[in-house]
Structures are given as structure tokens and as C-alpha cells.
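Participant: Please find one structure pasted underneath; my questions will follow.
Nothing in this text is a laboratory measurement; each read-out follows from the coordinates by a stated rule. Computed from a predicted structure; not experimentally measured. Cβ placement follows ideal geometry from the backbone for every residue including glycine, while neighbour counts extend to all protein chains displayed.
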Amino acid sequence: MGANASCQSTPEAQRPICECHKINWMSIINLGEYKMVDDSPLQNGVSCDDKVEIDHMTEGEYDTICKYIPGREDSRFPQEVIQYLLDTNSQSNVLEDVVDNEKKSSVGTPDTIAWWQEPGDTPVRWEHQTLDPILLALNSKITRRSR
């Protein structure tokens, strides 16, 4: 009669799901930072992008499961946020150019590979390594159309 309660079968690995709807993506425009829908601070590991970074989702799963991929035609990621991030990046580049003209880079401050790059990628300046992860995704996956 004594089935051991601690000898339970392990549940099968669950397929990752998109939880990006739990993030208030528009908060970046009004508050300057992302928040959760319940107005709490952004939680790491909720967005599909975070899940890829912490190996809870593969790149392939990200492409098929995530409903908030910026720039994708059927994406639920707000277009207003994309425009805000592109505009902010554009303004940031103008300021960087002014600073760069005042402070010439030297051999003592070489470019490095960023945390989001892979070996063999072109090194980037430190300023570009600190950009918003969503903006980085936009810059790497979207091409602007000229009209």
C-alpha cells in the first residue's frame, strides 16, 4: 500500500509561451522605462527576448512563438514605441557625434564586442552597447524603406 509520495513522475518539459502581453510597452514613452501591465517594475525573464537570453527559449521558438517581435507585419509590438525608439536613437547619434568631435577616440579606448554580439561580429563603441535591447533588435532586424 505504501506508494512513496516522493517518487512522482517528472512532468514533461513545457513549451515556452509568449508572455510579452504582461509588459506595458508604451510605458517607455511616458516614463522612460518599461513597466509591467500592473505598473510594477519590469521583471526579467518575462519577455521572449529575455527568455532567449537566459536559454528558456531558442531563437527558432522566439521566431515562431513571440507575438511582439518589433517590425514584424503581424506583431503586437506598438508601432509608436518603435518610432519613439528610432527617434530617440537618432537624437542620441547627433549628440554622440558632437561628443565624438570634442573627444577624439584613442588607442586607449578601443571598440569591443558587445554582450549581444557573437565572436566575429564587427566591434562597436561602448555607447552603442548600452542601447535599449528592443532598439538593438530593431536595428538588427529592420531595414528602412525609402519612398
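Participant: How much length, in nm to one decimal, is gained on full extension between Asp63 and Met36, taken as 0.36 nm per residue of separation minus their Cα-Cα distance?
Facilitator: 7.5 nm
Participant: First select every other residue whose beta carbon is under 12 angstrom from the beta carbon of Gly45; then total the charges, Lys and Arg +1, Asp and Glu -1. Kindly include the intermediate steps, with their values, before the conclusion.
Facilitator: Working: positive: Lys22, Lys51; negative: Glu19, Asp49, Asp50, Glu53, Asp55.
It works out to a net charge of -3.
Participant: Could you give the length gained by full extension between Arg72 and Thr88, i.e. 0.36 nm per residue of separation minus their alpha carbon distance, to one decimal place?
Facilitator: Between Arg72 and Thr88, full extension yields an extra 3.7 nm.
Participant: Going highest first, how would you order 68-78, 37-47 by mean Cβ packing within 10 Å?
Facilitator: So the peptides 68-78, 37-47, ranked by packing, come out 68-78, 37-47.
Participant: Quick check: pseudo-label points 7 Å beyond the Cα along Cα→Cβ at Asp55 and Arg15, how many nm apart are they?
Facilitator: For the pair Asp55/Arg15, the computed spacing is 2.3 nm.
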